[in-house]
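First the structure, in the form of structure tokens, and then the observations on it.
The values are calculated or read from the model by the stated rules, or taken from the named source; none is laboratory data. Bear in mind that the values here come from a model prediction, so they are computed numbers and not experimental data. Cβ sites come from the backbone with ideal geometry, for glycine too, and all protein chains shown count toward neighbours.
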Amino acid sequence: MEITYREDPLPSDIDQVLPLVESSGFFSPEEISIAIELIEERLSKGTQSGYFFLFAEFAGNIIGYTCFGPIPGTMHSYDIYWIVVHNNFRRRGIGKTLMARTENLIGAKGGCLIYIDTSSQDLYRTTRMFYSQCGYRKEAFVKDFYKPGDGKIIYVKAINP
């Protein structure tokens, strides 16, 4: 299986990212709208938007992607906003490759600390395990962040640019 990677979003990505994010079964309609808005923001403002992407493609179709960017007001901290792999392509190492390549891109931009957060709901247990397997450590827990009984867990990883 030959997977290619690219960084620059294309207008046609919007139509592919929507079903990709929906396939995961993790995200609400509001969150899916946000995923699309970030691509639109990048397409309209370029890198000035502060949103950067890495797309994984197979046979001309997006099968996974990350969205990340510098955290305003910090010297070298970055957020990973999204990492998604199409449900049909999970458990093939694509997520770990996307994460490693994204970390390399962040390091090349001068980033040293990477933050990523997720829900404390049981649905996201495998997501939290994935972050830990990729070398992220649990840094903080914010109780009832998303809604009562659904906290925000923040992970961090130090990298060397």
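So SER23 clears everything in (1) within 17 Å of ILE80 (Cα to Cα); (2) assigned to a helix (DSSP H, G or I); (3) under 16 Å from the mean Cα position of the chain (by Cα) except one condition, right? Which one?
Here SER23 clears every test but (1).
Out of the residues in the range 120-161 that are on the phi > 0 side of the Ramachandran plot and part of a loop (DSSP other than H, G, I, E, B), state the one that is surrounded by the most Cβ atoms within 10 Å (Cβ to Cβ).
The extreme case among them is GLY135.
Residue-wise test of (1) over 11 Å from the mean Cα position of the chain (by Cα); (2) farther than 16 Å from ILE159 by Cα; (3) crowded, with 20+ Cβ neighbours inside 10 Å; (4) not aromatic (Phe, Trp, Tyr).
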site: GLY50; (1), (2), (3), (4): yes, yes, no, yes
site: PHE55; (1), (2), (3), (4): no, yes, yes, no
site: GLY60; (1), (2), (3), (4): yes, yes, no, yes
site: TYR65; (1), (2), (3), (4): no, yes, yes, no
site: PRO70; (1), (2), (3), (4): yes, no, no, yes
site: ILE94; (1), (2), (3), (4): yes, yes, no, yes
site: THR102; (1), (2), (3), (4): no, no, yes, yes
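Please work out which residue is nearest to ASN160 (Cα to Cα), limiting yourself to the range 50-97 and to residues that are among the small types (Gly, Ala, Ser) and either touching a Phe, Trp or Tyr at 6+ places or on another chain (Cβ under 9 Å) or in a helix (DSSP H, G or I) (or both).
Of all residues in the range 50-97, those among the small types (Gly, Ala, Ser) come to 50, 56, 59-60, 64, 69, 73, 77, 93, 95.
Going one step further and asking which of them are either touching a Phe, Trp or Tyr at 6+ places or on another chain (Cβ under 9 Å) or in a helix (DSSP H, G or I) (or both), we end up with 56, 64, 69, 77, 95.
Working: ALA56: 24, GLY64: 25, GLY69: 17, SER77: 12, GLY95: 21 Å.
Selected residue: SER77.
Going by the conditions given, is GLU30 at negative phi, acidic (Asp, Glu), outside any helix (DSSP H, G or I) and out of contact with any Cys (no Cβ under 9 Å at 6 or more places or on another chain)?
Values: at negative phi: yes; acidic (Asp, Glu): yes; outside any helix (DSSP H, G or I): no; out of contact with any Cys (no Cβ under 9 Å at 6 or more places or on another chain): yes.
No, not satisfied.
Being among the polar types (S, T, N, Q), within 14 Å of PRO9 (Cβ to Cβ) and free of Cβ contacts under 8 Å to residues at least 12 places away in the same chain is true for just one of THR47, THR126, THR66. Which residue is that?
After ruling out the rest, the residue left standing is THR47.
For the range 104-114: of the residues being surrounded by 19 or more Cβ atoms within 10 Å (Cβ to Cβ) and outside any helix (DSSP H, G or I), which is farthest from the chain's Cα centre (by Cα)? Explain how you work it out, then say what you get.
Step one: list which residues in the range 104-114 are surrounded by 19 or more Cβ atoms within 10 Å (Cβ to Cβ), which gives 106, 111, 114.
So of that shortlist, the ones also outside any helix (DSSP H, G or I) come out as 111, 114.
Details: GLY111: 16, ILE114: 11 Å.
Top of the filtered list is GLY111.
Filter the range 125-156 down to the residues that are of a type in the set (Phe, Trp, Tyr) and under 17 Å from THR66 (Cβ atoms) and list them by number. Lay out the reasoning, then the answer.
Step one: filter the range 125-156 for residues of a type in the set (Phe, Trp, Tyr), giving 130-131, 136, 141, 145-146, 155.
Within the range 125-156, PHE130, TYR131, TYR136, TYR155 meet the criteria.
Yes or no, residue by residue, for (1) at pLDDT 95 or above; (2) out of contact with any helix residue (DSSP H, G or I) (no Cβ under 8 Å at 6 or more places or on another chain):
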| residue | (1), (2) |
| --- | --- |
| SER28 | no, yes |
| ARG42 | yes, no |
| MET75 | no, yes |
| TYR78 | yes, no |
| THR97 | yes, yes |
| LEU105 | yes, yes |
| LEU123 | no, yes |
